[in-house]
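Report on the structure given below.
The values are calculated or read from the model by the stated rules, or taken from the named source; none is laboratory data. Source: prediction; values computed, not measured. FYI the Cβ positions are ideal-geometry reconstructions off the backbone, even for glycines, and counts take in every protein chain you see.
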Amino acid sequence: MALDGVTVANIVYELNQKLAESRINKIAQPETDELLLTLKTREGQVRLLISANPSLPLIYLTKENKPSPMTAPNFCMFLRKHIGSGKILSITQPGLERVIFIDVEHYDELGDLKRKRLVIELMGKHSNIIFLDDQNKILDSIKHVSLSMSSVREVLPGRDYFIPDQNQKRNPFDVSEGDFAAILQEKPMSILKALYQSFTGISPVIAEEICFLCGIDTAISPKDLSEDFYFHLYKQFHYFFENVRNNNYTPTLYLEGQKAVEFSSLTLSHLSYLREERYTSVFPLLFDYYEKKNQQSRIRQKSTDLRHIVQTALDRNGKKYQLQMRQLKDTEDRDKYKEYGELIHTYGYNLEEGAEKLQVLNYYTNQEVTISLDPQKTPQENATKYFDKYNKKKRTAEALQSLTLETKQEIDYLDSLSNSLDIAAKEEDLLEIKEELVESGYIRKRPSKKGKKVKNKPFHYLTKDGFHIYVGKNNLQNDELTFKFATGGDWWFHAKEAPGSHVILKTDDREIPDSAFEDAARLAAFYSKKRNNDKVEVDYSLKKNIKKPNKGKPGFVVYYTNYSIVVDSDISHLEQLD
């Protein structure tokens, strides 16, 4: 999610706690849309990173430095001139807007005490860093916005500064119960959308949380809510924002496995199905969230070529399979031609010369049948024609049964590669998948310098009962886990009839509780193509029952003795190691 007004309020609260009376020691501009302020506080030196990146607007405290260009940009030089050694007086947020005001006191060239304001607008593609004088006039900005770029507001030196409010949103702190209902009832949209479009600081995820706390369907129209519902909705709305008013923040990161799904400065009850990580400060939360998001984005970007190769092969084999199945269907009537040949042999002796059809009782079906004949051929030749047609279709069917099986196995294998790309968490995972694609002939092997073969570890989890569970990240790891790492007494799990990881539950010669079986099954469900299903059927068996067929593709196994269990794919309670 993007930063909402509640998270910005949390940021402002913590900045005031940590930067009160601090002085600006250094101003740098590492990127075209980014500032790095080095500040001297009572507790020592800290750095404040401010980013107006349209895809990643952000502000947080950090101890890390970033390299700056040899020649400082004009905006950076301008700030150094005016507030290079200034003192931070206050950090505020107007209403619950995604805007932060940093008021700075400094001495000008004549030695007079002056005040300036640095405005940080964290508004997605409209994000900006704007420098104002004490009369609220724009002195400069990190991004200049002319009327040709925006019809709402110019951001240019000399212009008056104001916060655009196209939707005329209300401050949640100032709205009464009566106004609350009236504002929402005017909106011809769902209650969810009406909430975040009517009040500042509310994002869709917060609107969903307020609806969840009230037990209201988010799709319902505001006009369909009763007076009692509005009373209940306003109370929950009021209680929620009382936490913001009183600075009762609980910075929380919500994860699905290791994937960062959401973050919030207040607890989100409707996301309780996800794993929660609590933080004592909003800044490490933001750093971790965007670091995880960046990592996921990098992995997704780096896997693009591999995904294209796999998807192209899948599309090609999918079309081939459909064609083969149509051809196979065309051979289903082959026995009819064999019957026709035999019926002509049986009844053709009394046919007149040049006959074009034979109408007889089919003793196979006990029904009358009419058989077309070639008048230029004898009954024997007509029978031979039908026998030839039967034999041709029979040979085609036999060949296609083998070919369709091979093609289906190839599709299943490519689906498993696609699943491996979906669960890849590191660049090393992608290297192993690439290695597998080379070995399978989908990528041409290029001569290269000899080096160490890619060796990557599987996912490793620990249950609350102290049992270790391992999950293969790709087909090569699946084979390694099942046939080299696992022992005969260990348990093997796999989502039924779906591409997915091999999961090994180590027994260590101990009795396994039901909860450990369920946890291993959940991991098999989560690391499969069915991870988004409410329930997933998982097969499991002792490792000794799992066999590798001759010439079987990587990750492909067979088993004839197994149990099944139906589970969800929630693994939030499991501890991931390594």
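Checking the range 553-566 against the condition returns no match, with no residue being of a type in the set (A, V, I, L, M), under 20 Å from the mean Cα position of the chain (by Cα) and not assigned by TED's automatic domain parsing to the domain that holds Leu271. Residue pairs whose Cβ atoms lie under 9 Å apart, sitting 6 or more positions apart in sequence or on different chains, and linking a residue in the range 473-488 that is in contact (Cβ under 8 Å) with a residue 60 or more places away in the chain to a partner that is crowded, with 20+ Cβ neighbours inside 10 Å and aromatic (Phe, Trp, Tyr), are Asn475/Tyr413; Thr482/Trp492.
Over 26 Å from Asn246 (Cβ atoms) and either over 27 Å from the mean Cα position of the chain (by Cα) or not small (Gly, Ala, Ser) (or both): which single residue out of Ser176, Ser198, Ser221, Ser190 fits that description? Before the answer, list the steps.
On the way: Ser176 fails: over 26 Å from Asn246 (Cβ atoms); Ser198 fails: over 26 Å from Asn246 (Cβ atoms); Ser190 fails: either over 27 Å from the mean Cα position of the chain (by Cα) or not small (Gly, Ala, Ser) (or both).
From the options Ser176, Ser198, Ser221, Ser190, the qualifying one is Ser221.
In the range 103-115, the condition of being within 16 Å of Leu48 (Cβ to Cβ) and of a type in the set (A, V, I, L, M) is met by at least one residue.
Ala207 meets all of the listed conditions (1) in contact with a strand residue (DSSP E or B) (Cβ under 6 Å, 6 or more places away or on another chain); (2) surrounded by 16 or more Cβ atoms within 10 Å (Cβ to Cβ) but one, namely (1).
Applying the condition of being in contact (Cβ under 8 Å) with a residue 12 or more places away in the chain and out of contact with any helix residue (DSSP H, G or I) (no Cβ under 7 Å at 6 or more places or on another chain) to the range 402-414 and asking which residue is nearest to Tyr340 (Cα to Cα) yields Gln409.
Conditions (1) acidic (Asp, Glu); (2) farther than 20 Å from Leu225 by Cβ; (3) assigned to a loop (DSSP other than H, G, I, E, B), marked per residue:
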position	(1), (2), (3)
Ser151	no, yes, yes
Gly158	no, yes, yes
Asp165	yes, yes, yes
Gln168	no, yes, yes
Leu184	no, no, no
Lys187	no, no, yes
Gln197	no, no, no
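Looking only at the range 337-384, residues that are under 29 Å from Met325 (Cα atoms) and touching a residue at least 40 places away in the same chain (Cβ under 8 Å) come to 7 in all.
Return the only residue of Leu233, Leu286, Leu253, Leu266 being surrounded by 13 or more Cβ atoms within 10 Å (Cβ to Cβ), outside the structural domain of Val438 (by TED's automatic domain parsing) and in a strand (DSSP E or B). Spell out how you get there, then give the answer.
On the way: Leu233 fails: in a strand (DSSP E or B); Leu286 fails: in a strand (DSSP E or B); Leu266 fails: in a strand (DSSP E or B).
On inspection, the qualifying residue turns out to be Leu253.
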